[in-house]
1. Pick out, in residue order, every one of the trypsin sites (Lys or Arg not before Pro) in the chain that is DSSP loop and has at most 10 other C-beta atoms within 10 Å; say none if there are none.
2. Specify the residue with the greatest mean-square fluctuation among Asp66, Asp11, Asp79, computed from a Gaussian network of the chain linking alpha-carbon atoms under 10 Å apart.
3. Taking loop as defined by DSSP and a crowding limit of 14 other beta carbons within 10 Å, which GluC sites (Glu not before Pro) in the stretch 30-94 fit?
4. Kindly provide the chymotrypsin sites (Phe, Trp or Tyr not before Pro) of the stretch 9-67 that DSSP labels as loop, not H, G, I, E or B, and whose Cβ sees at most 15 other Cβ atoms within 10 Å.
5. In the chain, with Lys and Arg counted as +1 and Asp and Glu as -1 at Cβ, which of these residues, His48, Cys3, Tyr94, has the Cα nearest the positive end of the dipole, that is, farthest along it?
6. Taking only the alpha carbons of the stretch 2-92, what extent do you get along each of the three principal axes, in Å, biggest first?
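Just so it is clear, none of the values below were taken in a lab; they were calculated from the coordinates. Worth saying up front: this structure is predicted, and the values here are computed from it rather than measured. Glycine gets a Cβ as well: all are built from the backbone with ideal geometry, and neighbour counts include every protein chain shown.
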Amino acid sequence: MSCRYQTSENDLDEFNVWTPSSVLKYSFCEQWTAHIEYIGVFTDGREHETEQHFFSPGVHRLLNSDLEIGARVGWGLNDETPDFFANIGVGWRY
């Protein structure tokens, strides 16, 4: 579980953005992990508040002790949220 915080602005409107998320991970092979994640994006102090909810499953493969690759897709769960997203990434521990 995590919660990110940032400040933002839109024209003259300055506001806060809170982004909590919860992840469940499951290792199904020695170097493979799957996850499901809930992500929320909520504004605070904005003239017109927004609220977005996402569901995102994905898979990750550990290539060695310091390098991981992964892919995920996601769907918006309410009307203010984009319908779909997909991404791939690399994690490197240094």
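1. Arg93
2. Looking only at Asp66, Asp11, Asp79, the biggest GNM fluctuation is shown by Asp11.
3. Here the sparse-neighbourhood loop sites are Glu30, Glu47, Glu49, Glu80.
4. The qualifying sites are Phe28.
5. Tyr94
6. 50, 26, 18
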